[in-house]
Amino acid sequence: MTEELRVLMDSCREDSNLSPVNKIEIYSFFDPFSQESFKLSAVLSKLRIEYRQYIRIRHILNPSLRVLTKCQAQSTSDRDNIALAFKAAELQGRARAHRFMHLIQNEIIPKRDIVTEEMIGKCIINAGLDFDVYQDDLKNGQLRESLKVDLHIAREMEVETAPSLVFFNEDIQEEGLKVEGLYPYHIYTYIINEMMGKPIEKNLPPKLADYIHQKQLVTEEELLTIYEWPKKTLKKELKKLILQQKVEKLTYPNGEFWKSKM
């Protein structure tokens, strides 16, 4: 355990005498091109499954100059700028915007692709967003102002790296608990349980085929995170789904991925 993490855990223990709360808000600052941010999305998916009645997650594309510069460098216009696309998608709901970004990361992380207008359009539609409304919103001059608001939020929370999570309870007088980087799943559950201050009943994950269908493309690592099965058991279950023609295996430079055929 690193010294930084030890201090973090001590902070949780110091706050453990707080009154029980009903909901925890989690701000997730991510870099769309970061492997660690991509891996953290699996952790957040599991948290959302198990603790959905106890947490709210707000995803914020890290508005640092480095990230926004990379977004700009990979684009030729506003129509293929991933930062502006994400902000335009948010206007149709944060959950759908996050799903859109997950689909984009499925394209650019495993395949090491450059973001294109065609790729963004496909992911907008697959995420259940209205493409015509999205195109109109993309012309909205307020999108860049929205990015400035995110930058202000990041500065207020002293977020300097991605991924970073900041946990808040319902007491507006309390400071948030910041966790920078990627840690094992049990660290995040420990924080949630300590901040809730009362017993929590976790929900079970959906059937394997349903989860893959929902996410469309997943890594083996993500599935191991969600289901906590032995690797041998997971491979056996995936082989069954292949025989049932519900999933297919894809091989990319960064490893094996599983795609829904349902």
For residue 139 and residue 79, calculate 0.36 nm times their separation in residues minus their Cα-Cα distance, and state this gained length in nm to one decimal. 20.7 nm
Rounded percent of accessible protein surface that carbon and sulfur make up, region 110-224, 1.4 Å probe: 49
So what is the orientation-averaged projected area of region 23-70, using the convex hull of its C-alpha atoms, in nm²? 3.3
What length, rounded to one decimal in nm, is gained on full extension from residue 203 through to residue 187, with 0.36 nm per residue of separation minus their alpha-carbon distance? 4.0 nm
Counting alpha carbon pairs within less than 8 Å and at least 6 residues apart, what relative contact order, in whole percent, applies to the chain? 26
Could you report the chain's accessible area per residue, 1.4 Å probe, as an integer in Å²? 53
Can you compute the modelled spin-label distance between residue 214 and residue 235, with each label point 7 Å from Cα toward Cβ, in nm? 2.7
Candidates for Rg and Dmax of the Cα atoms in Å are [x] 18.9, 66; [y] 18.9, 55; [z] 22.2, 73, and the calculated one carries label [y]
Sorted list, accessible surface of protein heavy atoms, 1.4 Å probe, largest first, for 251, 161 is 251, 161
Which of rounded, prolate or oblate describes region 126-262 when judged by the alpha-carbon gyration tensor and an a/c cut-off of 1.5? oblate
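The values are calculated or read from the model by the stated rules, or taken from the named source; none is laboratory data. Since this is a predicted model, take the numbers as computed values, not measurements. Glycine also receives a Cβ, built like all others from the backbone with ideal geometry; neighbour counts cover every protein chain displayed. Quick note on the areas: whole protein, heavy atoms, side chains included, nothing else; ligands and nucleic acids left out. Shrake-Rupley method; radii C 1.70, N 1.55, O 1.52, S 1.80 Å.
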